[in-house]
Amino acid sequence: MKTTNLLKKTGLVIVLCLLMIPALNAQNQSRRGGVDCQISNLTSEQNLQIDQLRTEHLKIMEGLRAERRATTNADAKAKVREQMKVELTRHKAAVAKLLTPEQMAQYQQNKNSKGQCAVRNGNGKRNCKGNACGKGKRGKRGKGCRGSANS
């Protein structure tokens, strides 16, 4: 009797875990969804072209990241990092060619000082990622963006 109960509970836990994996994966993807700056008035053709550019760019960058991780030599890592910078510049230029001047102005307006898109949550406030609101930009009480002391 105890064994049957234990097997049922174990099976339930396994099923719940298997059901949670896709949900958590979708949640993580939605968090990363702010990679490209949102431009409100893109045509369907522009959307299609930008999606194609982005897909190609992500494939190239993933290959370069894998190459960078595979080496332990600092010089080789620096060379790969330079290739990544060149690819990023190429991608930005290709996207810029597709945009009208008004769309480009909106795209630039959505970028922060590091050239990354400003990701906002539902209330219109910026989400903090990494050190965006951390060291050097703390409030009066030395607290970071999450409201707890950074150490």
* Ranked by accessible surface with a 1.4 Å probe, highest first, in what order do I50, I60 come? -> I60, I50
* Which value, in Å² rounded to 10, gives the accessible area of L7 with a 1.4 Å probe and all protein chains present? -> 120
* Given 0.36 nm per residue, what is the gain on full extension from M20 to A74 after removing their alpha carbon distance, in nm? -> 15.5 nm
* Accessible-area value, M20, 1.4 Å probe, nucleic acids and ligands omitted, Å² -> 100
* To do: Report the full-extension gain for the segment I60 to A93: residue separation times 0.36 nm, less the Cα-Cα distance, to one decimal in nm.
  => 10.3 nm
* Asked: So, counting K/R as plus one and D/E as minus one, what does the shell of residues with Cβ under 12 Å around R65 add up to?
  -> +2
* To do: Leaving ligands, DNA and RNA out of it, rank I21, I39 by accessible area with a 1.4 Å probe, largest first.
  => I21, I39
* To do: Roll a 1.4 Å probe over the protein heavy atoms and report the accessible area of T3 in Å², nearest 10.
  => 90
* Note, ³J(HN,Hα) from phi for segment 90-97, Karplus 6.51, -1.76, 1.60, rounded to Hz, x at Gly and Pro -> 4, 5, 4, 5, 5, 5, 4, 5
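The values are calculated or read from the model by the stated rules, or taken from the named source; none is laboratory data. Everything quoted here is computed from the prediction, not taken from an experiment. Every residue, glycine among them, receives a Cβ derived from its backbone with ideal geometry; neighbour counts consider all protein chains shown. For the accessible areas, the whole protein counts, side chains as well, though only heavy atoms, and no ligand, DNA or RNA atoms are used. Shrake-Rupley method; radii C 1.70, N 1.55, O 1.52, S 1.80 Å.
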